Structure formats: structure tokens, C-alpha cells
Amino acid sequence: MNKATQYILFVIVLVALSILSITIGSSELSAIDILSGKISYESTEWTIIRHLRLPRTLTTIGIGALLSLSGCIMQGLFRNPLVEPYTMGLSGGAVLGVAVTFCLGLQISFGIPALIISALLGGLLTMFVVLTIRRAIKCDINSMLLIGIMISFATSSITTLLMSLTTHENLSQIISWSIGSMDSASEEMAIFIVASALVATFASAFLGNIINALSLGATEAQHIGINSQKMIIILFVVATLMAAVSVAAVGVVAFVGMIIPHIIRRIAGHDHRYILPLAAMGGSSFMLLCDIAARTIIYPRELPSGVITGICGCIMFIYLTSRQRNEHN
Amino acid sequence: MNTIDIQSLTVGYGKQIVIRDISLSGNIGDIIAIIGANGSGKSTLLKAIIGDVKQQNGNIFFNGINSYDITTRQRAQIVACVEQETYASQMHIYDYVMMGRTPFRSLFSLTDSDDDRRIVSQALDTVGIAHLANKALAETSGGERRLACIAKTLVQQPQILLLDEPTANLDWANKVAIINLLRTLAQSMCLVIVSHDVNEVISVANKALVLAEGHSLCFGDAHKTITPENLSQAYKTDICEINIDKESRIMMAKGLLKLKIEN
């Protein structure tokens with residue numbers, strides 16, 4: 001399958017799942033009515049689409065793209081399919097940042113921007129700690145994964161400590177935010193997430209050459225003219241920002257950043273200039289699928305999408321790893 | 001003005017000095033062999049030339065320009081390095097070789113130019129692996145990966161090509177193929193080869209630097225520097241010369257000869 005066909009297929013799947021996501025819910029909407037413009041702007045259906053379904057669908061698309069791009073960049077840098085924002089401790093740092101915001105009640109005064117800024121600060125601070133430890137102990141880039149896992153445990157412990165010390169009200173807010181559910185997606189958040197995902201997709205495609213070079217290893221990349229140390233930090237910051245924005249919106253959604261880039265590489269190769277946009281579309285489609293499943297499996301109740309991505313991701317990862325091992329054998 | 005000119009180079013890791021006061025020079029057409037025992041500083045010298053380790057003293061000039069005055073990208077346009085090991089990733093050989101064009105194109109380009117594609121195809125033909133272009137590195141042998149790495153350095157169109165143990169772990173047929181390739185390449189660039197195999201470099205090098213414990217024992221014409229006396233001093237074991245005919249000679253550690261006779 002050539003590159004153009006792959007792009008077209010990914011776009012078709014993404015659009016189809018988006019329409020399905022908009023139509024599914026407690027009040028069923030017809031895809032044909034939506035596409036043919038039969039729904040008037042004054043109708044209840046339009047209100048549902050405008051204020052509930054569209055923000056949720058757009059947020060889901062954006063979150064999937066951001067997580068998948070972040071994971072794809074990190075896996076390219078580390079040459080390790082186990083790397084994703086979650087295993088590197090960046091999501092944990094962002095969660096800690098948001099948990100602090102909830103405990104201090106800053107979200108009441110400053111709203112969504114407080115969550116976004118605290119997640120970014122938490123993620124960036126974690127990244128800074130990981131890079132500082134790496135520099136202090138002079139380890140190679142692969143050992144950074146171990147540092148990331150350790151930092152992840154540390155941030156998780158501190159978050160738990162905060163949750164055990166805070167009020168019941170704050171605790172329930174932190175829990176309902178952190179489980180990776182899309183049902184609270186607001187219009188403002190949806191616009192912010194989609195805009196971030198679009199910028200991230202285009203920007204990361206332009207960084208593809210650099211990621212390709214660094215996927216040879218930092219030393220070999222240096223030999224072909226890449227300032228490896230500087231570029232690793234820049235890409236790490238970019239990947240952290242993507243993960244932090246996603247955490248700020250819906251909490252922790254695990255496995256998307258790990259499993260989707262892994263699948264995309266198997267389908268479309270290793271040229272990051274080409275696979276990053278595919279990873280973004282793949283991540284969005286996977287998230288939409290998981291969110292649709294979360295809404296329908298125990299209907300009329302809903303599951304958090306993060307639960308579905310975690311279970312699906314885990315099963316898919318075990319399947320792919322065993323298949324890869326069989327192919328090698 | 002030499003293509004490469006190293007003057008009184010001292011390199012170390014922290015306080016530990018690995019090579020001290022090394023000088024050498026070479027031009028296009030030269031094949032310079034760097035030989036010495038394990039830990040004598042051969043690979044460190046190569047790392048200093050490519051910029052992997054910082055020099056503590058001395059200077060490295062490329063075409064008369066001090067290495068301090070050039071960026072990583074500019075250095076990559078002049079010097080390329082064939083690594084001892086190439087990471088066996090799932091990347092296709094064609095894409096891997098294309099990476100060698102990185103110093104000459106925008107870091108943010110989304111496509112490969114026709115010129116880049118032509119240069120890559122030419123390099124794949126030169127090293128004889130055009131038929132492997134669409135194969136993943138992980139699916140190829142060590143020898144094929146070494147050839148892919150050489151092709152990648154060729155598309156960098158360097159004036160100086162550094163090779164760290166270019167024939168290590170290869171069978172004889174692959175060794176001969178690579179040595180012949182190096183002879184061809186030397187017509188358009190200056191090669192600097194680090195090797196443990198003294199006989200291999202005798203067959204190909206016209207200049208040699210013999211290192212002993214981080215010091216330069218001698219540098220100059222390969223015939224005059226690669227001698228049993230210098231090698232005995234560098235490797236701290238008795239080395240003898242065996243003349244095959246008027247033009248061909250091999251070096252052998254006497255201890256190994258003795259073992260062979262006893263066996």
C-alpha cells in the first residue's frame with residue numbers, strides 16, 4: 001500500500017469514527033441527517049451536538065493525537081517501544097501538578113487555564129528532574145527510561161500523599177478528573193485541545209528528519225550533523241508539552257502513546273516525517289473507538305475511556321509482542 | 001594546506017589523559033592507518049577527530065580551518081565516520097543511507113530531493129548493495145550493515161573518512177571486498193583507518209601512526225613506520241616480518257608462530 005493510500009484510509013476511518021461518535025449517546029442521532037444538514041440550528045439535536053457531542057468528539061480526537069505523537073517522538077528518540085509519556089514519568093508529573101492545583105483550590109479561581117498551566121509545569125519539572133539526574137550520573141539515553149520509571153513512582157507517591165491529606169471534596173474532584181473520562185469535555189477545552197493537536201501534528205512532521213537521525217543513536221546523529229544533546233532536549237520538551245496538555249484535559253490515559261506508534265511503525269515504516277501525521281490520526285481513531293466503547297458497553301452508564309484504552313492497549317501490546325517474537329523465531 | 005592536520009593533540013576523559021601530544025597530517029589520496037595495542041588510544045583519537053570527545057590541548061584542522069571554528073553540521077560536511085557497529089533497526093537500508101544527506105539539506109524538509117535520491121542510488125551501487133535497498137537493517141548480516149554504513153558515509157561526500165575497525169567480525173570475502181572498496185574511495189578522499197589487524201592495513205595504507213600507551217611512537221610512510229621494531233615496542237611482544245614476495249609482507253607475533261610450530 002503506497003503512502004497516499006495509507007493517508008486516505010486513515011482520514012476515512014477518522015472521519016467515519018468521528019461521525020459515529022457524534023451520533024451515539026442517550027438520544028440517538030442520524031448520521032444521514034447530520035451530513036445532509038437536516039438538523040436545524042434551533043433544534044434540541046443541534047444543541048446536543050454543539051454543546052455535548054462535538055466537544056467530546058473533538059477532545060477525544062485531540063487527546064488521541066497528542067498522546068500518540070508524544071509516544072511516537074519518544075520511541076523514536078529512545079529506540080524503545082516501551083517508552084511513552086506515562087512510562088517516562090511525564091504524565092505522572094503533570095498529574096501531580098494538577099493534583100496540587102486541586103488541593104490549593106486554584107481551579108475554582110482560575111478555571112481550566114489553571115489546570116493546563118499546572119499540568120505543563122508538572123510535566124516540565126519532571127522532565128527537568130529526569131534530565132538533571134541523567135546529566136549528574138552521566139548515563140546514556142536508554143538509562144533515562146529507568147530514571148523516568150523511578151520518577152513516575154515518586155510522583156505517583158506524592159500525588160497519593162496529597163490525596164490522603166486533602167479534603168473529601170478535593171479528593172473526589174481529583175479522582176473524577178484523573179480517571180481519563182471524556183464526558184466532562186467543555187467547548188473551550190475542545191477548541192484548545194484540537195488546536196494544540198493540529199499544531200503538534202504539523203510541527204512534529206517537520207521535526208521528522210531530526211527524529212529519524214536521532215533514532216540511529218545520539219552519536220551517529222552527531223556524525224551526520226545533528227546537535228544531538230540540544231535536539232534531544234527540544235524533542236523531550238515538545239513531547240512533554242503534548243502529554244501535559246492531554247493530562248490537563250482528561251487525566252491519565254495510558255497505553256495510547258505506546259501502542260499506536262508501535263502499530264503505525266509496523267504498517268508504515270520508520271520515516272518519522274511520514275509516520276507522525278499517521279500516528280496522530282491513528283491515535284485519534286483509537287481514542288474515538290475506545291470512547292465509543294466506553295459509552296456503549298454498560299449503557300446507560302459510562303466507563304472512563306482511560307479504562308478501555310488501558311485494557312485494549314495491554315491486550316494489543318501482548319499480542320503484537322508475541323507475534324513479533326514468533327516472526328523473529 | 002593539508003586536508004587533515006592534527007597538531008599536538010591531547011585528549012582525555014576528565015582528569016585521565018588517554019592520548020597525549022599526537023600529530024598527523026593527510027591529504028586526499030592518503031590512507032592513514034592508526035595502529036597500536038588495546039587501550040593505546042586509537043579509538044579515542046578517532047572520536048576526537050569526529051568531535052565525540054573534546055580535545056584538552058592541541059588543534060585539529062580540516063582544510064586549514066580549526067575544528068573549534070566549525071559547527072557540528074559543517075564538520076559533518078567534511079568528515080564522516082564508519083562506526084564499528086550499526087544499530088540493527090527496522091529502518092530500510094535505503095532510508096538509512098539517505099540519512100547521510102542530512103548535513104546538506106534543511107532539517108525540516110519533508111521530502112527527499114531528486115539529487116539526494118540519485119546520490120543514494122549511486123552510493124548503493126558503489127558498495128554493491130543496491131539489491132538490499134528495501135531490506136530492513138535488522139534483516140541483514142553484519143557485513144551488509146557495514147557496507148550500508150559505508151554507503152551512508154559516501155552520500156555525505158566527505159573529504160575525510162574515518163573507519164573504526166572496518167573489517168572486524170567479517171569473513172575473508174567481505175574483508176577483501178571492503179579493502180578493495182577503500183582503495184577506490186581513497187582516490188577522492190583521505191581515509192583514516194583504526195585497525196587491530198596490522199596485516200590488513202599494511203595491504204592498504206600508505207601512511208601510519210603507531211600509538212603506544214597514548215603516545216605517538218612514529219608517524220609517516222607506512223613502510224617505514226610499520227616495522228617489527230616499532231610494532232614490538234607498541235604491542236610489547238616480539239613481532240617478526242615475513243616476506244611473501246618483493247612487494248608483500250606480513251607481520252606476526254613470534255609467540256603465535258611458536259605456538260603454531262608446537263601444535
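Nothing in this text is a laboratory measurement; each read-out follows from the coordinates by a stated rule. These figures come from a predicted structure and were not determined experimentally. Every residue, glycine among them, receives a Cβ derived from its backbone with ideal geometry; neighbour counts consider all protein chains shown.
General remarks:
- Alpha-carbon Rg/Rh ratio, for the protein assembly as shown, with Rh computed the Kirkwood way: 1.08
- P(r) of the stretch B:103-183 over all Cα-Cα pairs, binned every 5 Å from zero, in whole percent: 3, 13, 24, 23, 20, 11, 5, 2, 0
- Convex hull of Cα atoms in the stretch B:162-263, direction-averaged projection (nm²): 7.5
- Exposure proxy ranking for A:Thr321, B:Thr86, A:Thr23, based on other Cβ atoms within 10 angstrom of each Cβ and starting from the fewest, stands as A:Thr321, A:Thr23, B:Thr86.
- A cut-off of 5 Å between modelled amide H atoms, ignoring neighbours fewer than 5 places along the same chain, links B:Lys135 with B:Ile93, B:Tyr94.
- Per-residue average of Cβ from other chains inside 10 Å of A:213-221: 5
- Size of electric dipole in chain A: Cβ of Lys, Arg +1 and of Asp, Glu -1, about Cα centre, debye, nearest 20: 840
- For B:105-113, mean number of other protein chain Cβ atoms within 10 Å: 4
- Here the 3J(HN,Hα) profile of the stretch A:183-196, calculated from phi with Karplus coefficients 6.51, -1.76 and 1.60 at θ = phi - 60°, is 6, 9, 4, 9, 4, 4, 5, 4, 5, 4, 5, 5, 4, 4 Hz, Gly and Pro shown as x.
- Relative protection proxy for B:242-251, B:28-37, from highest mean packing down: B:28-37, B:242-251 (other beta-carbon atoms within 10 angstrom).
- Kirkwood hydrodynamic radius of the stretch A:250-293, from inverse mean 1/r over distinct Cα pairs, in Å: 10.9
- Exposure proxy ranking, count of Cβ atoms within 10 Å, fewest first, for A:His272, B:His92: B:His92, A:His272
- Between A:Thr60, A:Thr44, A:Thr159, the Gaussian network model of chain A with springs among Cα atoms under 10 angstrom shows the greatest mean-square fluctuation at A:Thr44.
- Backbone amide hydrogens, once placed in the peptide plane, bring B:Ile34 within less than 5 Å of B:Ile193, B:Val194, B:Ser195, B:Leu209, excluding anything fewer than 5 places away on its chain.
- Once both labels are positioned 7 Å from their Cα atoms along Cα-to-Cβ, the gap between A:Arg301 and A:Thr44 label points is 2.6 nm.
- Gaussian network model of chain A, springs between alpha carbon atoms under 10 Å - residue of A:Arg135, A:Arg56, A:Arg273 with greatest fluctuation: A:Arg135
- Evaluated at q = 0.13, 0.16, 0.20 Å⁻¹: base-10 log I(q)/I(0), Debye formula over Cα of the stretch A:1-132: -0.82, -0.99, -1.10
- Debye log10 I(q)/I(0) for chain B, one point scatterer per Cα, at q = 0.10, 0.12, 0.13, 0.14 Å⁻¹: -0.53, -0.75, -0.87, -1.00
- Each peptide in A:93-100, A:12-19 was scored by the mean count of other Cβ atoms within 10 Å over its residues; highest first, the order is A:93-100, A:12-19.
- As a rough guide to protection, the peptides B:188-199, A:67-78, B:128-139, A:212-223 ranked by mean Cβ packing within 10 Å, highest first, stand as A:67-78, A:212-223, B:188-199, B:128-139.
- Vicinal HN-Hα couplings computed from phi for the stretch B:227-235 (Karplus, 6.51 cos²θ - 1.76 cosθ + 1.60; Hz; Gly/Pro x): 10, x, 5, 5, 5, 4, 5, 5, 9
- With the largest listed first and rounded to whole Å, the semi-axes of the equivalent ellipsoid of chain A from the Cα gyration tensor are 32, 26, 17.
- Among A:Met144, A:Met163, the order by Cβ neighbours within 10 angstrom, fewest to most, reads A:Met163, A:Met144.
- Separation of the A:Thr5 and A:Met163 label points, Cα + 7 Å toward Cβ, nm: 4.7
- Counted over the stretch B:71-226 with a bin width of 5 Å, the fraction of Cα pairs per bin, in whole percents, is 2, 9, 18, 21, 20, 14, 9, 5, 3, 1, 0.
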